[in-house]
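Student: Let me give you the structure first, and then I'll get to my questions.
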Amino acid sequence: MNRYIRQITLTEIGEDGQRLITRAKVLIVGAGGLGSPAALYLAGAGVGTVGIADPDKVELINLHRQVIHTAKRIGENKAASAGKTLKELNSDIKIKVHETKLDEKNAEKIFKDYDIILGCTDNFEARYIENKAAVRLSKPLIYGSILKYQGQISVFDAKNGPCFACVFPEPPPETVAPKGSVAGILGMMPGVMGTLQALEAIKLICEIGESLTGKLLIFDGLTGRMKQLEVNKDSKCNICSAPL
């Protein structure tokens, strides 16, 4: 426990909270810009099992924002590369590597072994797959996304609020939400938002503070301003309001 003494000193966490963290199992889907800081801070906090799922390989153009990887790992699978870094950071925790792309067939099988899912992917197709599996298994999904200098996060827990599909029933056109390869990405933006995703996970694990369930937090990196929007469950949602 001495490793985590600065966390344990916090009244809201203490030794009991640290034990909860040690027993927790968190899956990070996407070992990229958002997943990198999220994984590093969750491993550093002592989350007992950290899973990482990503089918892609490390590329040079990733390294300005995907700080869990190094130049020596170019060409390696991202989940495997991230796993190596996390093991060096904290050898006391269990790292599970999933070098596979999530799809409708395997998502629930992978998700079932975890308590919390962090959605750190960069496309709507993956987010809808993550959401559907999380809803079916009653797992909280901590969503994060980046567009230029703006970031968003929310906690989607269909038991207590809306799911991702309630808020985003269909993907926006690419003219509104272009991919990062088109719009560009400043490395610090996913760093900020991924760290906030990790914070939301710790809050859920320790049952402290106010969760972002039912809220969409929006951060503007150019002004430094944050705002929260209320988001509501859609009674007609074909994912969380439909019979399973």
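Every number in this text was worked out from the coordinates using simple rules, so none of it is lab data. None of these values were measured; they are calculated from a predicted model. Note that we place each Cβ from the backbone using ideal geometry, even for glycine, and neighbour counts take in every protein chain shown.
Student: Label point 7 Å out from Phe124 along Cα-to-Cβ: which residues of the range 76-111 have amide N under 20 Å?
Tutor: Correct set: 102-104.
Student: Looking only at the chain, where both bridge partners belong to it, what percent of the DSSP beta bridges are antiparallel (to the nearest 5)?
Tutor: 50 percent
Student: Once phi is turned into θ = phi - 60°, what whole-Hz ³J(HN,Hα) does the Karplus curve with 6.51, -1.76 and 1.60 give for every residue of the range 31-47, x standing for Gly and Pro?
Tutor: For the range 31-47, the Karplus-derived couplings read 9, x, x, 7, x, 4, x, 4, 5, 4, 6, 5, 5, x, 6, x, 4 Hz, x marking Gly and Pro.
Student: Here is a follow-up. So what's the projected area for the range 1-69, the Cα convex hull averaged over all directions, in nm²?
Tutor: About 5.1 nm², averaged over all directions.
Student: Would you pull out the residues with amide H under 5 Å of Leu118's amide H, same chain only if 5 or more places away, H placed 1.01 Å from N?
Tutor: Leu27, Ile28, Val29, Ile142
Student: Okay, next question. Please list 219-225, 147-153, 51-57, 193-199 highest first by mean number of surrounding beta-carbon atoms within 10 Å per residue.
Tutor: Ranking the peptides 219-225, 147-153, 51-57, 193-199 by packing returns 193-199, 51-57, 147-153, 219-225.
Student: Return the calculated 222 nm mean residue ellipticity for the chain, to the nearest 500 deg cm²/dmol, obtained by summing -39500 (n - 2.57) across DSSP H runs with n ≥ 4 and dividing by the residue count.
Tutor: Mean residue ellipticity, 222 nm, calculated: -9500 deg cm²/dmol.
Student: Could I ask something else about it? Could you tell me what a quarter of the Cα convex hull surface of the chain works out to, in nm² with one decimal place?
Tutor: That works out to 12.9 nm².
Student: Roughly how many nanometres apart are two label points built 7 Å out from the Cα toward the Cβ at Lys57 and Ser91?
Tutor: Using points 7 Å along Cα→Cβ, the separation is 3.0 nm.
Student: With an 8 Å Cα cut-off and a minimum separation of 6 or more residues, compute the relative contact order for the range 42-139 in percent.
Tutor: 28 percent
Student: Using only C-alpha atoms and all pairs of different ones, pull out the Kirkwood radius for the range 105-185 in Å with one decimal.
Tutor: The Cα-based Kirkwood calculation yields 13.3 Å.
Student: Tell me, how many Å apart are the Cα centres for the range 1-31 and for the range 112-132?
Tutor: Going from one Cα centre to the other spans 22 Å.
Student: Go through the range 9-25 residue by residue and turn each phi into a ³J(HN,Hα) via Karplus (6.51, -1.76, 1.60, θ = phi - 60°); whole Hz please, and just put x for glycine and proline.
Tutor: 5, 5, 4, 5, 9, x, 5, 5, x, 5, 5, 4, 4, 5, 8, 6, 10
Student: Still on this structure, please answer the following. Hey, what do the phi angles of the range 53-68 turn into as Karplus ³J(HN,Hα) couplings, whole Hz, using 6.51/-1.76/1.60 and θ = phi - 60°, x for Gly and Pro?
Tutor: 3J(HN,Hα) across the range 53-68, in whole Hz: 10, 6, x, 7, 9, 5, 10, 4, 5, 7, 6, 6, 10, 9, 6, 7.
Student: Using only the Cα atoms of the range 115-244, build the gyration tensor, take square roots of its eigenvalues as a ≥ b ≥ c, and label the shape rounded, prolate or oblate: rounded if a/c is under 1.5, else prolate if a/b is larger than b/c, else oblate.
Tutor: Verdict is oblate for the range 115-244.
Student: Given a Förster distance of 22 angstrom, what is the FRET efficiency for Lys84 paired with Thr9, based on the Cβ-Cβ distance and rounded to 0.05?
Tutor: The computed FRET efficiency comes out at 0.10.
Student: Right, another one. Name the residue farthest towards the positive end of the dipole of the range 112-151 from the options Ala134, Leu118, Ile146, assuming +1 on Cβ of Lys and Arg, -1 on Cβ of Asp and Glu, about the Cα centre.
Tutor: Farthest towards the positive end: Ala134.
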